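Trainee: Shown below is the structure under consideration.
A short reminder: the numbers here are calculations on the coordinates, not readings from a lab. None of these values were measured; they are calculated from a predicted model. Quick reminder, even Gly has a Cβ in these numbers, built from the backbone with ideal geometry, and neighbours come from all protein chains shown.
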Amino acid sequence: MSNSVELPIAKAINAGIQKAMSRNDKVLVFGEDVAELGGVFRVTEGLLAEFGSKRVFNSPIAESGIVGTAIGLAMRGYRSVAEIQFDGFVYPAFNQIVSQLAKITNRSEGHLSMPVVIRIPYGGGIGAVEHHSESPEAYFAHTPGLRVISPSNSNDAYWMIQQAIESNDPVIFFEPKRRYWQKGMVNLDSPPSTMHDAAVLREGSQLTLVSYGPMIPTALQAAEVAASEGISIEVIDLRSMSPIDFPTIINSVKKTGRLVIASEASTSFSVSAEVAAKVAELAFYHLEAPVLRVGSFDVPYPPAKLEELFLPDADRILEAVDRSLSY
Amino acid sequence: MLSPEGIFEVPAEYAEYGKYIERLNLDDFLKFYRDMARIRRFDNECTALQRQGQMGLWVQALGQEAAQIGSGYGVGPNDHMFPSYREHGVAITHGIDLMSIIKIMRGVNHGGWNPEETRFHLYAIVLATQVLHATGYAMGVNFDGLVGTGNPDVDQAVITYFGDGATAEGDVSEALLFAATTKAPLVFFCQNNQWAISSPVSSQTVVPLYLRGEGFGVPGIQVDGNDVLACYAVTAKHMDDARNGLGPSLIEALTYRVGAHTTSDDPTKYRPADELEYWQARDPLLRFEKFLRRQGVGDDFFEEVAKAGDELAEQIRAETFAMQNPPLENIFRHVYSDPHPMVAEQQAWLEGYEASFEEGEPS
């Protein structure tokens, strides 16, 4: 019988980091307010007490400095788990991530590895002020040299953070902040798969619904509603936005003939766009309808009182499902 | 320490730096001169090769030889160096093959040496990025407990090179702050060569750059960057201090970019000619030659150095002309440390596409 425990996503990430730090004393945790406070979402709570201030420490409020020093520490053999406090605060570090972190292994012809994890709480739905609700994953998925992943449940959160820390490549680890308190069972004995495998969360026969991160509960809800109306939807959690597990998606689309992709990010030039393009390329003759994307609009994230209208919900996903099925 | 006439004198208030020169002997002085002459000859030869189309670009270090050779020799055998992209002089003081710098500018690779072996890290093209990497590295040295152990054979420090232009980048300010708050064993070595492409240093700062660190808690010192002995002494002393646990410091070496920013630049459009004359009169090699002659070094030595320069130039030309283009698979190599399906797929496609031409006419 497997050893399992129920944890909210935030605690599962915490437990995963704790495990990685116990296993390898080169793993460091730093960022803004991560030490005594445990981060503004308490994801790193308790780590300072357990591992001490040489391994868990607050950095100055300087995102480029956080990533730039994580790079130097990687050159020295340390594996940093660096927290960027909110999605909208990552841009001061963009240069260090895109021009340095992502390229140094290539620049050095493999002499240097960059085992750096950058944790970013992302997405909206928490009624926050500007810059606290964004979905910037496409910037990083577009950048060669990075790996970009996002768990949608506690078990994945626990295992994927450990897999990210074990990776010898830089990983941008997007945490679905509005789901931090969503509870789920964590199997403490063995990981569900590698961090880059997509997961079929619900089997179905009439339409494939691909999503990831904070939109997964919404996608599952949509599938449930559809089932009550006799429509069978297969729900796939990407888990990894770069690289994307296309074989799992293609296999599903070959079975269902229809694809809807749902994400919180602005729709144009998005991860969803990449999935759509690749499916058109690899499963063209299996498609019974155009691939449809459900996302947010191509405008800045609105003030919180408008975000419910801005973010896709189960109804908007079902609207796309109806369009696909009636095509 | 050295006057333009080559007279050596240590002002009383800098006696602690003077001690570092007292430890040197004539062989060290000759080595400094040989390397300054070697890197100047290399520089001039590379400029010529660029003009002949052998390189896309050349970045001259002309005029900055003393700052680079002097400080390079002030770096200890366990220390790590994080250069910008003009530090050819520092590179040769730590055994970097000059041809590997040519490869970068020719477009063969982005830097072929192993930084862990050479301790001289790769060139950083985006200004000031390397200053943060050096800071993180120095933080790691601290975590490893290799600072202030009392055993000079194991203690380590880190030095990072950047220019006056780079000081305007936020990364330098953030690095000063991180280094100060973590008491990192790090020396910030700013070569103020007066120009950032066409922008004079007055457009980057209104206070002398050696004061830039004060507000962060990083003490600074200004040194004559065209005096190889002073650059050696200041670097050696500050690296010792960093290794001994005294924390970071900043050195501003006043020097001059005698050449262009790169071979793509034309300084005659923005730079007054009399300024060049002023600095050429303070040329680091001429000054050190005067010093050496005062020490009794004769024509024989300088002729030997000139001959070695001719041989170097010939060798560089031959090796550059013989340089092969990198193979196709290098496009896809080392993008990731661990296997990656998309990169593998795209490599397989390009290889198949290329092979389709080798098999004969496409049908």
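Trainee: Angle check, please: helix A:246-256 long axis (alpha carbons) against the longest principal axis of chain A (alpha carbons), in degrees 0 to 90, nearest 10.
Mentor: Long axis of A:246-256 versus the principal axis of chain A: about 20 degrees.
Trainee: Run the helix sum for chain A: -39,500 (n - 2.57) per DSSP H stretch of 4+ residues, divided by residue count, reported at 222 nm to the nearest 500 deg cm²/dmol.
Mentor: Numbers: 11 runs with 107 residues, N = 327.
Dividing the helical sum by the residues of chain A leaves -9500 deg cm²/dmol.
Trainee: Something else about it: Quick one: of the DSSP bridges fully inside the protein assembly as shown, what percent are antiparallel, nearest 5?
Mentor: That works out to approximately 20 percent antiparallel.
Trainee: While we're looking at this one, here's another question. Report, in cubic angstrom per residue, the convex hull volume of the C-alpha atoms of the stretch B:12-321.
Mentor: Residue-normalised Cα hull volume stands at 134 Å³.
Trainee: Ranking A:L306, B:L246 by Cβ neighbours within 10 Å, fewest first, what do you get? Mind showing how you got there, number by number?
Mentor: Details: A:L306 10, B:L246 16.
Ordered from fewest to most neighbouring Cβ atoms within 10 Å, A:L306, B:L246 come out as A:L306, B:L246.
Trainee: Something else: Using only Cα atoms and rounding to the nearest 10 degrees, what angle (0 to 90) does helix B:284-294 make with the longest principal axis of chain B?
Mentor: 50
Trainee: Moving on to the next point. For the stretch B:101-192, what class follows from the C-alpha gyration tensor (a ≥ b ≥ c being the square roots of its eigenvalues): rounded when a/c is under 1.5, otherwise prolate if a/b is larger than b/c, else oblate?
Mentor: Here the stretch B:101-192 falls in the oblate category.
Trainee: For peptide B:327-338, what's the mean number of Cβ atoms from other chains within 10 Å of each residue's Cβ?
Mentor: The per-residue average across the peptide is 5.
Trainee: Would you mind calculating the gained length between B:A306 and B:H110 on full extension (0.36 nm times residue separation, minus the Cα-Cα distance), in nm to one decimal?
Mentor: Answer, rounded to one decimal: 67.5 nm.
Trainee: Which whole number gives the average count of other chain Cβ atoms within 10 Å of the Cβ atoms across peptide A:157-169?
Mentor: Per-residue shielding by partner chains comes out at 1.
Trainee: May I pose another question? With everything on Cα atoms, drop me the angle between helix A:63-75 and the longest principal axis of chain A, reported from 0 to 90° to the nearest 10.
Mentor: 70
Trainee: Additional query: Which value, in debye to the nearest 20, gives the size of the charge dipole of chain B about its Cα centre, when Lys and Arg are +1 and Asp and Glu are -1 at the Cβ? Could the numbers behind the result be given before it?
Mentor: Details: 27 positive and 52 negative charges, 152 e Å.
Here chain B has a charge dipole of around 740 debye.
Trainee: Which of these, B:I96, B:I331, B:I159, has the largest mean-square fluctuation under a Gaussian network model of chain B (Cα springs below 10 Å)?
Mentor: Maximum fluctuation in the GNM of chain B, among the listed residues, is at B:I331.
Trainee: Would you compute, for the Cα atoms of the stretch A:61-215, the largest minus smallest coordinate along each principal axis and list the three values in descending order, in whole Å?
Mentor: In descending order, the Cα extents are 47, 38, 30 Å.
Trainee: With point charges of +1 on the Cβ of Lys and Arg and -1 on the Cβ of Asp and Glu, referenced to the Cα centre of chain A, which listed residue (A:A314, A:V117, A:S22) lies farthest in the positive direction of the dipole?
Mentor: Selected residue: A:S22.
Trainee: Another question, if that's okay. Taking a ≥ b ≥ c as the square roots of the eigenvalues of the Cα gyration tensor of the stretch A:99-168, is the shape rounded (a/c under 1.5), prolate (a/b larger than b/c) or oblate?
Mentor: oblate
Trainee: Along the charge dipole of the stretch B:232-307, pointing to its positive end and built from +1/-1 on Cβ of Lys, Arg, Asp and Glu, which listed residue (B:T262, B:G245, B:F288) has its Cα farthest out?
Mentor: Highest projection toward the positive end goes to B:G245.
Trainee: Just rank B:K19, A:K19, B:K103, fewest to most, by other beta-carbon atoms within 10 angstrom.
Mentor: Numbers: B:K19 13, A:K19 17, B:K103 20.
If I rank by nearby Cβ atoms, fewest first, I get B:K19, A:K19, B:K103.
Trainee: Report, to two decimal places, the Cα Rg of the protein assembly as shown normalised by 2.2 N^0.38 Å (N = number of residues).
Mentor: The value comes to 1.10.
Trainee: Provide, as a two-decimal number, the C-alpha radius of gyration of the stretch A:199-325 over 2.2 N^0.38 Å, N being how many residues it has.
Mentor: Expressed relative to 2.2 N^0.38 Å, the Cα Rg reads 0.98.
Trainee: As a footprinting exposure proxy, order B:D164, A:D298, B:D35, B:D27 by other Cβ within 10 Å, with the fewest listed first.
Mentor: Ordered by Cβ neighbours within 10 Å, fewest first: B:D27, A:D298, B:D35, B:D164.
Trainee: Continuing with this model, one more query. With a/c under 1.5 counting as rounded, go ahead and sort the stretch B:146-300 into rounded, prolate or oblate using the C-alpha gyration tensor (a ≥ b ≥ c being the square roots of the eigenvalues; past the cut-off, prolate if a/b is larger than b/c, else oblate).
Mentor: Because a/c hits 1.5 or more and a/b fails to exceed b/c, the stretch B:146-300 counts as oblate.
Trainee: Count the DSSP beta bridges whose two residues both fall in chain B, then state the antiparallel fraction as a percent rounded to the nearest 5.
Mentor: 10
Trainee: Might you report the magnitude of the Cβ-based charge dipole of the stretch A:266-326 about its Cα centre, with Lys and Arg at +1 and Asp and Glu at -1, to the nearest 20 debye?
Mentor: Computed charge dipole of the stretch A:266-326: roughly 100 debye.
Trainee: Toward the positive end of the charge dipole of the stretch A:240-292, about the Cα centre and with charges on Cβ (Lys, Arg +1; Asp, Glu -1), which of A:A262, A:I244, A:A283 goes farthest?
Mentor: It is A:A283.
Trainee: Let me ask something else. With r as the distance between the Cβ atoms of B:E9 and B:N330 and R0 = 51 Å, compute the FRET efficiency 1/(1 + (r/R0)^6) and round to 0.05.
Mentor: 0.45
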